[in-house]
Amino acid sequence: MNSTQKGTYAELVVAMKAAEKGYFVGMMPQGCPYDMVVDTGSGPLRVQVKYSQAKNDICKVKLNPTGQLRNNTIYSKDNVDIIALFEVNTNQIAWIKIEDFNEVDTASLRLTKPKNNQLKGVTMFTDFLDW
């Protein structure tokens, strides 16, 4: 799959999982700073979906880059509430509140605990599965 196909696939997976949870989902047109709106019952959330394939057990996603992204979009709390990070190998979705990573350009989430059991300074993917 090319990057556009991967993005579309991730969006469909996230939309399906949200619908399975009973949430309302609205897809947005190309060029919008977020991919969908999801209403969990507490009001609508602007959701940007990202496809990820972990490398060395780590998923990375750019959240608030200092440079410009395609469509001049910078992901910040001004235009996105949630980053839904779909990890293709595990078929899991991390539901990342943009405000939790306000000062970080890139979030790195580990799929498994480090072999040395060091957890200080480690962000686990499993900490973001509850949505």
In segment 62-75, anything modelled with pLDDT of 70 or more and touching a helix residue (DSSP H, G or I) at 6+ places or on another chain (Cβ under 9 Å) is listed as Leu63, Tyr75
All-but-one check, Ala107 against (1) of a type in the set (Gly, Ala, Ser); (2) within 11 Å of the chain's Cα centre (by Cα); (3) modelled with pLDDT of 90 or more, failing number (3)
When segment 93-129 is checked residue by residue, the ones that are out of contact with any helix residue (DSSP H, G or I) (no Cβ under 7 Å at 6 or more places or on another chain) and not in a loop (DSSP other than H, G, I, E, B) are Lys97, Ile98, Glu99, Asp100, Phe101, Thr106, Ser108, Met124, Phe125, Thr126, Asp127, Phe128
Selection from segment 85-121 of residues among the aliphatic types (A, V, I, L, M) and closer than 14 Å to Asp57 by Cα yields Val88, Ala107, Leu109, Leu111
Taking segment 27-43 and keeping residues free of Cβ contacts under 8 Å to residues at least 12 places away in the same chain and surrounded by 11 or more Cβ atoms within 10 Å (Cβ to Cβ) leaves Met28, Cys32
Selection from segment 1-26 of residues of a type in the set (D, E, K, R) and without any contact (Cβ under 8 Å) to a residue 12 or more places away in the chain yields Glu20
Over segment 44-56, the set of residues more than 22 Å from Glu99 (Cα to Cα) and in contact (Cβ under 8 Å) with a residue 12 or more places away in the chain is Gln53, Ala54
Cβ pairs under 6 Å, 6+ apart or interchain, first in segment 111-129 and at negative phi, second in a loop (DSSP other than H, G, I, E, B) and of a type outside the set (Asp, Glu), ordered by first then second residue, are Leu111/Ala54; Phe125/Leu111
Taking segment 21-59 and keeping only residues that are assigned to a strand (DSSP E or B) and among the small types (Gly, Ala, Ser), one is left with Gly26, Ser52
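The values are calculated or read from the model by the stated rules, or taken from the named source; none is laboratory data. Note that this is a predicted model, so its numbers are computed, not measured. With ideal geometry, Cβ positions are generated from the backbone for all residues, glycine too; neighbour counts draw on all protein chains shown.
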